[in-house]
Amino acid sequence: MRGRGGATVNAVTPLRQGTAGEHDHRHWWEPVPPVRDTLACGWSHLKVSVWGRDRQAAGEGNVLVLCSSHVRGLVPSRHGPSLFPPQPSLPPDFVEALRAVVGAPNVSTATAVREQHGHDESMHPCAPPDVVVWPQAVGQVQELAALCHRCRVPMVPFGTGTGLEGGVNAVQGGVCFDLSRMDAIAELSLEDFSVTVEPGVTRKALNKHLRGTGLWFPVDPGADASLCGMAATGASGTNAVRYGTMRPNVLNLRVVLPDGRLLHTAGPGRQPRKRAAGYDLTSLFVGSEGTLGFLTQATLRLHPLPEATAATVASFPSVGAAVACTVQVLQAAVPVARIEFLDEVMADACGRFSGMGLPAAATLLLELHGSRHSLAEQQQQMEEIVRHNGGSGLAWAQGLEEREQLWSMRHNAWYAALALRPGCQGYSTDVCVPISRLPDVVVETKQDLQASSITGPMVGHVGDGNFHCLLIFNSQDPEEAQRIHAFTQRLGRRALAAGGTCTGEHGVGLGKRALLQEELGQEGLDTLRSIKAALDPHNLMNPGKVL
């Protein structure tokens, strides 16, 4: 087989152990077993048995290539930043073929680069790819995908690495596609309220580009994530209660399928505000977490900037009172744009970290969007509901600087939580429940945290029933790590029992596959597997995630 430029690639099918559902993957809460390595090879009936402190990096599913009359294999290693395979698991001719497509400067096998691309912001242990490539055009992505597909090499998309469920961890090695250099804003239509972006464009970069147009893209997960990455995880954030999540804000996607073919999910160049033509392929790929193809372009829905904006902070006597106020605000049809919840631990931590000095009490951060006339009416209605639930401290901030300070404090909640236990690690849970069940579920979760002696300040986009516990713990303490894991499982099942979901916005990734099965049931999971098999029959796209 020859790549572009005449580079020869060995045609023998590389061997990958197991399937996405068969990994012996060590999670962050599991103790590290002792090392035992075995490599048994034959020519016609090659079998590989690799056991290490973590098979995820030690060889499970890694590519084993037969070249001429000898074997190039992967020496098992501990799955972490300090030890990596002393020899590459991909043959030099394959790497040369990658270089022929994108150029030598856009291919790296350096340990530091692979390590950087082997993890996101989650607690899941680093699992580096074998090689990182930086395509700069969709045609290059197609060529690279076709090459990996022919050689049966796993592929992992990478945007900014800000995910929270191990979505970029290369648990079977392979090629990491860093799409950050594809950063064009291809088309902006002010009349159609739409924009088309490549995967390297981040949320903040787009809104900076939109300044002066009277439009903005409101989906705000906090991190300055790539917009295609946000589509891949089905992200939402603080504005979702008013403007929706990524799913309704994506009009079309250009997808490179695992074999290199190109798909436009709503048809090439199309961006209707609604459609009823066939299956909704766009929604299929939103939230697919890189397991079905590469999102190389997204056409997004834009929104008019509000004429007037006002934000405030309200403190409450209890968690239950704050959440009950949220439900009443929604029932009263107040067109709130943001309604964020902090428990007393989180409010105190955020206040100290930002210097704003919030009282240590259950707190709601509220923001209203509208005309100047309508805003005054909404503020009055909001104040009445807050006072009815025992809230106090309402002082409206209408200036841009004051509001930015308020939301900067909220977006820094993660770092404020980490500051509660310096030197420890954090894990963010992510459940979403029906609004009617939100007060009970939040109060029960608060009681569970206290009974389990866990440092876990609570924060949430409670306007749509989504909340997080930011669990701060010593990952080197096996007993504490197990307690944290047990709590996350109880929380996920509590949300499911309330008619909710195990993940509202972070995705399934590596850690929530068991909960996904409980949520969807066997028929639901089998249907997902059928879709995966139809689009990616060799399980090459981000293997080990979701299913």
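Is it the case, given these coordinates, that Leu471 is open to solvent by less than 10 Å² (accessible area, probe 1.4 Å), in a helix (DSSP H, G or I), closer than 16 Å to Gly511 by Cα and in contact with a helix residue (DSSP H, G or I) (Cβ under 8 Å, 6 or more places away or on another chain)? Criteria not met by Leu471. For region 470-483, does any single residue satisfy the condition of being touching a residue at least 40 places away in the same chain (Cβ under 8 Å), of a type outside the set (Lys, Arg) and closer than 22 Å to Asn239 by Cα? Yes. Check region 506-521 and report whether any residue there is acidic (Asp, Glu), touching an Asp or Glu at 6+ places or on another chain (Cβ under 7 Å) and under 28 Å from Gly290 (Cα atoms). No; the residues of region 506-521 include none that is acidic (Asp, Glu), touching an Asp or Glu at 6+ places or on another chain (Cβ under 7 Å) and under 28 Å from Gly290 (Cα atoms). Among the residues of region 270-314, those that are of a type in the set (Lys, Arg) and without any contact (Cβ under 8 Å) to a residue 12 or more places away in the chain comprise Lys274, Arg275.
A quick yes/no check of all residues on (1) out of contact with any Lys or Arg (no Cβ under 8 Å at 6 or more places or on another chain); (2) among the acidic types (Asp, Glu); (3) under 30 Å from Leu330 (Cα atoms):
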position	(1), (2), (3)
Cys424	yes, no, no
Leu470	yes, no, yes
Gln482	yes, no, no
Thr488	yes, no, yes
Leu491	yes, no, yes
Glu523	yes, yes, no
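The C-beta contact set for region 192-213 (first residue at positive phi and in contact (Cβ under 8 Å) with a residue 24 or more places away in the chain, second residue in a strand (DSSP E or B) and surrounded by 15 or more Cβ atoms within 10 Å (Cβ to Cβ), distance under 8 angstrom, 6+ apart or interchain) comprises Phe193/Leu215; Phe193/Arg301; Phe193/His303. Return the residue satisfying two criteria in turn: it lies in region 456-486 and is of a type in the set (A, V, I, L, M) and over 19 Å from Glu444 (Cβ atoms), and of such residues it is modelled with the lowest pLDDT. It comes out as Ala481.
Scan region 278-337 residue by residue and report those that are acidic (Asp, Glu), surrounded by fewer than 16 Cβ atoms within 10 Å (Cβ to Cβ) and under 22 Å from Glu505 (Cα atoms).
Restricting attention to region 278-337, the residues satisfying the condition of being acidic (Asp, Glu) are 280, 289, 307.
Next, from what is left, pick out any that are surrounded by fewer than 16 Cβ atoms within 10 Å (Cβ to Cβ): 280, 307.
Scanning region 278-337 gives a single hit, Asp280.
Of Gly174, Gly161, all but one fail to be on the phi > 0 side of the Ramachandran plot and modelled with pLDDT under 95; the exception is Gly161. Number of residues in region 249-269 that are without any contact (Cβ under 8 Å) to a residue 24 or more places away in the chain, among the polar types (S, T, N, Q) and not in a loop (DSSP other than H, G, I, E, B): the value is 0.
Remark: pairs (first residue in region 392-409, within 23 Å of Ala223 (Cα to Cα); second residue part of a loop (DSSP other than H, G, I, E, B) and open to solvent by 60 Å² or more (accessible area, probe 1.4 Å); Cβ separation under 6 Å; 6+ apart in sequence or on different chains) = Met409/Met356. Among the conditions (1) in contact with a strand residue (DSSP E or B) (Cβ under 6 Å, 6 or more places away or on another chain); (2) under 30 Å from His485 (Cβ atoms); (3) not aliphatic (A, V, I, L, M); (4) not in a strand (DSSP E or B), the only one that Cys176 does not satisfy is (4). When region 382-391 is filtered for residues that are open to solvent by less than 60 Å² (accessible area, probe 1.4 Å), part of a helix (DSSP H, G or I) and touching a residue at least 24 places away in the same chain (Cβ under 8 Å), the ones remaining, listed by number, are Met382, Ile385, Val386.
Say whether the condition of being more than 17 Å from the chain's Cα centre (by Cα) and either open to solvent by 10 Å² or more (accessible area, probe 1.4 Å) or of a type in the set (Val, Ile, Thr) (or both) is met by at least one residue in region 152-170. Looking for residues that are more than 17 Å from the chain's Cα centre (by Cα) and either open to solvent by 10 Å² or more (accessible area, probe 1.4 Å) or of a type in the set (Val, Ile, Thr) (or both), one finds at least one in region 152-170, hence yes.
Any chance you could count how many residues in region 436-455 are in a helix (DSSP H, G or I) and either in contact (Cβ under 8 Å) with a residue 24 or more places away in the chain or hydroxyl-bearing (Ser, Thr, Tyr) (or both)?
Counting residues in region 436-455 that are in a helix (DSSP H, G or I) and either in contact (Cβ under 8 Å) with a residue 24 or more places away in the chain or hydroxyl-bearing (Ser, Thr, Tyr) (or both) gives 13.
Can you confirm whether region 420-435 contains a residue that is out of contact with any helix residue (DSSP H, G or I) (no Cβ under 8 Å at 6 or more places or on another chain), in a helix (DSSP H, G or I) and either open to solvent by 20 Å² or more (accessible area, probe 1.4 Å) or in contact (Cβ under 8 Å) with a residue 60 or more places away in the chain (or both)? The answer is no; no qualifying residue exists. Filtering region 191-207 for residues that are part of a loop (DSSP other than H, G, I, E, B), among the basic types (Lys, Arg) and open to solvent by 10 Å² or more (accessible area, probe 1.4 Å) leaves an empty set.
Within the set Gly507, Gly511, the sole residue that is in a loop (DSSP other than H, G, I, E, B), touching a Ser or Thr at 6+ places or on another chain (Cβ under 7 Å), in contact (Cβ under 8 Å) with a residue 40 or more places away in the chain and not charged (D, E, K, R) turns out to be Gly507. Only one entry in Ala514, Ala481 is touching a Phe, Trp or Tyr at 6+ places or on another chain (Cβ under 6 Å) and aliphatic (A, V, I, L, M), namely Ala481. The set of residues in region 502-544 that are modelled with pLDDT of 95 or more, closer than 30 Å to Arg150 by Cα, of a type outside the set (A, V, I, L, M) and surrounded by fewer than 24 Cβ atoms within 10 Å (Cβ to Cβ) comprises Asp526, Thr527, Arg529, Ser530, Lys532, Asp536, Pro537, His538, Asn539.
The values are calculated or read from the model by the stated rules, or taken from the named source; none is laboratory data. If you're wondering where the values come from, they're calculated on a predicted model, not measured in any experiment. Note that each Cβ is placed from the backbone with ideal geometry, even for glycine, and that neighbours are counted across all protein chains shown. Accessible surface is based on the protein model in full, side chains and every heavy atom, while ligands, DNA and RNA are left aside. Shrake-Rupley method; radii C 1.70, N 1.55, O 1.52, S 1.80 Å.
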